[in-house]
Amino acid sequence: MLLASVTKARAIVSHFNQSTQALGKLKNAQSGLKPGCSPLGLVTDVVTHWWSTHDMVQRLTHLQPAFSCNLVC
């Protein structure tokens, strides 16, 4: 269960890192939710750094409202 969730999180981050349009929409959604704050980027997981998985999941959780807005808007 946890491995499947981490794999899905890696796929989401990979998609946004490979698509400039998707990343632009995500940053616009962040700017719309919190005007005046600079948009945050996604954190890429590195297998040899155990904390990077935690950071990746934590950032995805923090950006969840922007993802929701990105899907709806």
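Values quoted throughout were computed directly from the atomic coordinates according to the rules given, and no laboratory measurement underlies them. This is a predicted model, so every value here is computed, not measured. Counting neighbours? That spans all protein chains shown, and the Cβs are built from the backbone with ideal geometry, glycine included.
For this structure, a couple of remarks:
- Sum of side-chain charges, Asp45 neighbourhood, beta-carbon under 9 Å (Lys, Arg +1; Asp, Glu -1): 0
- Helix 50-62 axis, angle to the chain major axis (alpha carbon atoms, nearest 10°): 30
- Under the convention that each Lys and Arg Cβ holds +1 and each Asp and Glu Cβ holds -1, the size of the dipole of the chain around its Cα centre is about 160 debye.
- Burial order of peptide ranges 18-27, 54-63 (average beta-carbon count within 10 Å, highest first): 54-63, 18-27
- Length-normalised contact order for the chain - Cα pairs under 8 Å, 6+ apart - percent: 31
- When the alpha carbon gyration tensor of the chain is reduced to an equivalent ellipsoid, the three semi-axes, largest first, read 22, 12, 11 Å.
- Placing unit charges on the Cβ atoms of the charged side chains and taking the dipole of the chain about its Cα centre, the candidate lying farthest along the positive direction among Gly41, Leu23, Leu60 is Leu23.
- Two-decimal log10 I(q)/I(0) for the range 1-42, as the Debye equation yields it once each C-alpha is a single scatterer, q = 0.16, 0.22, 0.28 Å⁻¹: -0.49, -0.73, -0.89
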